[in-house]
Amino acid sequence: MELWFGLITGIAFGVLLQRAEVIRFDRQIGALLLKDMTIVKFMLTTILVGMVGVYLLVDLGLAKLSLKPLILGGNVLGGLIFGIGWALLGYCPGTAAAALGEGRVDALAGMAGMLVGAAVFAEAYPALKASVLIWGDYGKVTLPGLLGVWHWPVIVAFVAGGVLLLRFVERKGL
């Protein structure tokens, strides 16, 4: 049943990506050049809704929060690889899969790159585990945990800040 749920939510997410036009190449390039904020607005909205949804499910006892450790070395290296791949291809992993589903064959290069990258990572993992993946290891941390406060005031502050940022971007016509 979990696989079916994953398939259904994956298809729904792909439909939302397509309907929001975030899989269009010109939107991707516009985001990289900071000229078109469509993708930024879509992702910020997704993050805010996800933040509220996850913590609501956790508080209701319907889900368990599984934190990953904050490892700056891995985050910086992964972010650089992700950014370079996005800039070269014009798609991020999710939009590449959605673009391929829409029939855009240029996304095949990105899908192949993801498979090659996963294989390279698997082979390099022992070396990375002994080097990059220990640089700046802060363990499993959250912002509310660092601040020593309940998570809902932090969530409300982020949602309020996000809504204000979205309004600002809309008013500027970006």
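Cross-link partners for residue 68 among the lysines, with Cα-Cα distance under 19 Å and sequence neighbours closer than 8 places in the same chain left out: 129, 140. Divide the volume of the convex hull around the Cα atoms of the chain by the residue count and you get 155 Å³ per residue.
Among rounded, prolate and oblate, which fits the range 76-166 when a ≥ b ≥ c are the square roots of the eigenvalues of its C-alpha gyration tensor, a/c under 1.5 means rounded, and a/b larger than b/c means prolate? Oblate, because a/c is 1.5 or more while a/b does not exceed b/c. Contact order, relative form, for the chain: 28 percent (alpha carbon pairs under 8 Å, 6 or more residues apart, mean separation divided by residue count).
Straight Cα distances below 19 angstrom link residue 35 to the lysines 172, with same-chain residues fewer than 8 positions distant left out.
Need the full-extension length gain, residue 58 to residue 32, defined as separation in residues times 0.36 nm minus the C-alpha distance. One decimal, nm.
This chain segment gains 5.9 nm when fully extended.
With 0.36 nm allotted per residue and the present C-alpha distance subtracted, the residue 1-residue 84 stretch has 26.2 nm of extension available. The residues of the chain expose, per residue, 68 Å² of accessible area to a 1.4 Å probe. Taking all protein chains together, 34, 128, 100 sort by accessible area into 34, 100, 128, largest first [probe 1.4 Å].
Of the solvent-accessible surface of the chain, computed with a 1.4 Å probe over protein heavy atoms with every protein chain present, carbon and sulfur atoms account for 74 percent. For the pair residue 118 and residue 21, label points projected 7 Å from Cα toward Cβ lie 3.2 nm apart. A probe of 1.4 angstrom, applied to the heavy atoms of all protein chains, finds residue 104 with accessible area near 70 square angstrom. Which part of the range 29-49 falls in the paramagnetic zone of residue 171, meaning amide N under 18 Å from the point 7 Å along Cα-to-beta-carbon? What the label zone holds, given the 18 Å backbone N cut-off, is 37, 41. Here the gap between residue 129 and residue 47, fully extended at 0.36 nm per residue and compared with their Cα-Cα distance, gives a gain of 26.7 nm. Here, the range 25-88 has an Rg and a Dmax of 15.7, 43 Å when only alpha carbons are counted.
The values are calculated or read from the model by the stated rules, or taken from the named source; none is laboratory data. Note that the structure is predicted; figures quoted are calculated from it, not measured. We place every Cβ from the backbone using ideal geometry, glycine too, and count neighbours over all the protein chains shown. We work out accessible area using only protein heavy atoms, side chains counted, and drop any ligands, DNA or RNA first. Shrake-Rupley method; radii C 1.70, N 1.55, O 1.52, S 1.80 Å.
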